[in-house]
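J.: Structure below; questions to follow.
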Amino acid sequence: MSEIEQAPPGVDITIPSVARMYDYFLGGTDNFEVDRVAGEKIRANMPEAMDTAWANRGFLQRSVRWLAENGIRQFIDVGAGLPTMNNTHDAAQAVAPDARILYVDNDPLVRVHANKLLEGSSGTAFITADFRDPDGLFGHEVARETIDLSRPVGLLVVALTHFVPDEDDPWGLIRRYMDRLVPGSYLALSAATDDRQSERALGTIHEEYSKSTASVHMRSHAEVTRFFDGLELVPPYEGAGRVISYTGEWGAEDPVAADSDGSRWAYCGVARKTA
């Protein structure tokens, strides 16, 4: 049977998908030839691409666990992407079995896999919604049933904002999300950066993603830090200040060893809403 015949209804495999490319970099199988070809072109000039994906995934897992250990019992994972090992609900419920998780994505393939993944899982739900429409997300019936906005929430925006151009004001969107959450809620966010990266690798990344479902908009240290304006950053590791870090470093027992070339492609942070 051909790949076209195997593609779920509504899934376009004629152009690369950012979710499927990320799955490919993580070593997953929920991708098609068009995604693998784009991924290999990027890897040719960015050999650490898979390390970058796993550093980001590690940040998600460690930050969710930390949030659960610090009392968060409900999570909204926006731009959740395709499932792989140790999903958000696995990490959260390993600490707090009563944790509730709302997965959100606008990719039809994610819905197909999420429905299978979450079948029989307690405290989890999935909705199709766009990050750029906070009102639609919060107003969704399933979101209202899953998340109690009178209690603190962990908002996860991991490897997503770099697919949102400046004209869509991703900083303002983050503020709109956090404005809906009560004090004691947290934001966990990671975003790709072009700080100190090679022009050759950056050129290939921009070229390949421009032909995919979303172009890339990498940002500087200062621009990523802006996402946490008005929030209290959590030190990323013991002995650090209240700053953002590279994805591999956050929550690492040995941040020096975790500071890999792949990790340096994205900044991240976890911050608390205090008022």
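J.: Output the number of residues of region 183-202 satisfying the condition of being in contact (Cβ under 8 Å) with a residue 60 or more places away in the chain and either of a type in the set (A, V, I, L, M, F, W, C) or not in a loop (DSSP other than H, G, I, E, B) (or both).
T.: Matching residues across region 183-202 total 9.
J.: For region 33-73, which residues satisfy the criterion of being part of a loop (DSSP other than H, G, I, E, B), under 20 Å from residue 204 (Cβ atoms) and open to solvent by less than 20 Å² (accessible area, probe 1.4 Å)?
T.: Quick first cut of region 33-73, residues part of a loop (DSSP other than H, G, I, E, B) only: 46-48, 70-73.
The next check asks that each one be under 20 Å from residue 204 (Cβ atoms); those that pass are 46-48.
Of everything in region 33-73, just one residue is part of a loop (DSSP other than H, G, I, E, B), under 20 Å from residue 204 (Cβ atoms) and open to solvent by less than 20 Å² (accessible area, probe 1.4 Å), namely 46.
J.: When you check residue 14 against the structure, is it open to solvent by 10 Å² or more (accessible area, probe 1.4 Å) and within 16 Å of residue 212 (Cα to Cα), yes or no? Outline the logic, then answer.
T.: Numbers: open to solvent by 10 Å² or more (accessible area, probe 1.4 Å): yes; within 16 Å of residue 212 (Cα to Cα): yes.
Yes: the conditions hold for residue 14.
J.: Could I ask something else about it? Can you report the number of residues in region 204-251 which are free of Cβ contacts under 8 Å to residues at least 40 places away in the same chain and among the basic types (Lys, Arg)?
T.: The qualifying residues number 1.
J.: Right, next: Any residue at all in region 83-97 that is open to solvent by 10 Å² or more (accessible area, probe 1.4 Å) and under 23 Å from residue 170 (Cβ atoms)?
T.: Looking for residues that are open to solvent by 10 Å² or more (accessible area, probe 1.4 Å) and under 23 Å from residue 170 (Cβ atoms), one finds none in region 83-97, hence no.
Residue by residue, here is whether (1) touching a helix residue (DSSP H, G or I) at 6+ places or on another chain (Cβ under 9 Å); (2) surrounded by fewer than 14 Cβ atoms within 10 Å (Cβ to Cβ); (3) closer than 30 Å to residue 14 by Cα holds:
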| residue | (1), (2), (3) |
| --- | --- |
| 164 | yes, no, yes |
| 171 | yes, no, no |
| 182 | no, yes, no |
| 211 | yes, yes, yes |
| 216 | yes, no, yes |
| 239 | yes, yes, no |
| 245 | yes, no, no |
| 264 | yes, no, no |
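The values are calculated or read from the model by the stated rules, or taken from the named source; none is laboratory data. The model shown is predicted, which means the values in this text are computed figures rather than measured ones. Cβ: placed from backbone, ideal geometry, glycine included. Neighbour counts: every protein chain shown. Side chains are part of the model used for accessible areas, which takes the heavy atoms of the whole protein and leaves out ligands, DNA and RNA. Shrake-Rupley method; radii C 1.70, N 1.55, O 1.52, S 1.80 Å.
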